[in-house]
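Encoded as C-alpha cells, the structure appears first; notes follow it.
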Amino acid sequence: MKLKTLTVTEVNEYLKKTIDNNFILNNILLKGEISNFKLHSKGHIYFSLKDKESKINCIMFKSDAVNLNFIPKDGMDVEVKGRISIYIQDGSLKLYCSSMREIGVGELFEEFNALKKELERERVFDTFFKRKIPKYPKRVGVVTSPTGAAIRDIITIIKRRSKGIDIVLYPSLVQGVDAPKTIIEGINYFNKRNSVDVIIIGRGGGSIEELWAFNDRDLAYEIFNSKIPIISAVGHETNFSISDYASDLRAATPSAAAEIVSAGIEEINIKLDHYRKILYKNITDDIKYKKEALDSLNKILKSNNPEKLLSNEKSILEQLNHRMNTKIYSLVEENKEKVSKLNHILMTLNPLNVLSRGYSIILDEGNDILNSIEELEKKDNITIFMKDGNINIDIKIKDKEKRNG
C-alpha cells in the first residue's frame, strides 16, 4: 500500500479536525496552577496551566476575560472550562478558555512563601548584613548561562558605558535541578580567588518554573555568606526570587545590573563633562574679564602716554604761544597806533618844527628859555637856536631907550 505524502499544513488541519470533533476535548474542565501569565494590550489573556509533571498553554479572549470576578496571577490554582484545539500555524496544542474560577494558591508559591518566611526569621534578608556595592568596580564577575541573552546584555551595556571594566564570566546553568549547584560553584569560585569587586548572578525572564533555580535555600545561604557583594538580576522587573532578597542589591533585569555596576564610571564621565563645561566657561569669562580690564588699562595708558601728554602740552603751548603772539601783536599794533598819535602830537608840538617855520629859541647861560626883552636885558650871553643850528651871542646894551627902540 502506497502512503500519500502530506504537507505540514495538511497534518495540522487533520489534527485540528480530529480534536475539534472530540466531545471531551471540546467540553473540558481542567485545574492547575497558573504560570507565565501575560495580559495582552487588547485584553486577551495568555498563560500556562501546570501541575508537577506537565503544562499546557492556554488563551482566554477578551470577550470571555471581561466576565472574570478576580485578577489571575502566577501561582494561583484555578479551574478553567474550555476546549482544546490545534493552532495550525505552529502546530501547538492550546486550551481556549471560556471561564475560570480560583481554587487556591499554587504549590510553588506556597513553597516560595514558606522559604521566604523561614529565611526572614534567620535574618538572611536583613539589611544590616548587606554589603555595599562598590561605586567604581574594576572587575565584575558574572554567574549565568554563557549562551543566554543576559550575558550579552551585560557585556554590551558595561562596554558601552565603561570600557575600563573587566568582565569575568563563570558559566552556569540557570534552569533545572542542577542549576542552583552550578550558581553556588560560581560564587565560591570568585570568593576563593577574590579576583572581582562585585558579582552579578541572574538570567533573563521566564515562568516561575524556569526561574525556580534562584529560589534555592543553599543558594540563599551562599549569597548571604559571600565576602564579595552580590547583585541578583533574575527575570523581569515583576519577577522576585529568594536570591533577590538574599543579595546585597536586587536589579530588575540583567541589563539594570550592568547599568548599576557601570553607573559610577558613567557618573564620573558626566561629572567630568559638567566640570569641563564649567571650567571652560570660567576660563572664557576670566579671559573676557581680563581682556576688558586690559583694554581699559590700555585706554588709560594711552590717555596717560608721555608722548600724548607731551603732544597735548605742546599743543597747549602752541595755543598759548599763538595767543601770546596774537596778544603781543595786538598790543604792538595798539601801541604803535598810540605812539603814532603821540608822535603826531609831539611833532606838532616839537619846537624844531616851529623853528622850521622861521622861529628861533633864545636860551640863557643856564639853558633857560628867555621869553621877554626884560629877561634878555639881564643876560650877557645867550644862545639862539634856529632850524639849522645855534649860535652864542654876547649882549651889550647901553641904555634902556635903545632897547626899547
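The values are calculated or read from the model by the stated rules, or taken from the named source; none is laboratory data. Since this is a predicted model, take the numbers as computed values, not measurements. A quick note on method: Cβ atoms are made from the backbone with ideal geometry, for glycine too, and the neighbour counts reach across all protein chains shown. Surface areas here come from the heavy atoms of the whole protein model, side chains and all, with no ligands, DNA or RNA. Shrake-Rupley method; radii C 1.70, N 1.55, O 1.52, S 1.80 Å.
If a residue counts only when it is over 60 Å from the mean Cα position of the chain (by Cα), which strands (runs of 3 or more DSSP E) contained entirely in region 1-81 have at least 2 such residues? Please lay out each step first, then the result.
Numbers: elements: 28-39, 45-50, 55-60.
Where strands (runs of 3 or more DSSP E) fall fully within region 1-81 and carry at least 2 residues being over 60 Å from the mean Cα position of the chain (by Cα), they are 28-39.
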Residue pairs within 6 Å by beta carbon, gap of at least six or interchain, first lying in region 196-223 and part of a loop (DSSP other than H, G, I, E, B), second at pLDDT 95 or above and small (Gly, Ala, Ser), listed first then second, are VAL196/GLY141
Among residues of region 258-291 being under 22 Å from PRO134 (Cβ atoms) and among the hydrophobic types (A, V, I, L, M, F, W, C), the residue modelled with the lowest pLDDT is ILE265
Checked GLU102, GLU122 against criteria (open to solvent by 70 Å² or more (accessible area, probe 1.4 Å), of a type outside the set (Phe, Trp, Tyr) and in contact with an Asp or Glu (Cβ under 8 Å, 6 or more places away or on another chain)); the one match is GLU102
Farther than 16 Å from LEU95 by Cα and in contact with an Asp or Glu (Cβ under 8 Å, 6 or more places away or on another chain): is that true of PHE37 in this structure? no
Check: Does region 168-188 contain any residue that is within 30 Å of ASN269 (Cβ to Cβ), among the basic types (Lys, Arg) and open to solvent by 10 Å² or more (accessible area, probe 1.4 Å)?
Finding: no
With criteria (1) assigned to a loop (DSSP other than H, G, I, E, B); (2) within 18 Å of ILE133 (Cα to Cα); (3) touching a residue at least 60 places away in the same chain (Cβ under 8 Å), ILE231 comes up short on (1)
Taking region 327-377 and the residues there that are open to solvent by 80 Å² or more (accessible area, probe 1.4 Å) and among the polar types (S, T, N, Q), the one that is farthest from ILE393 (Cα to Cα) would be THR348
Per the list (1) in contact with a Ser or Thr (Cβ under 7 Å, 6 or more places away or on another chain); (2) open to solvent by 100 Å² or more (accessible area, probe 1.4 Å); (3) not hydrophobic (A, V, I, L, M, F, W, C), residue check on LYS16 breaks on (2)
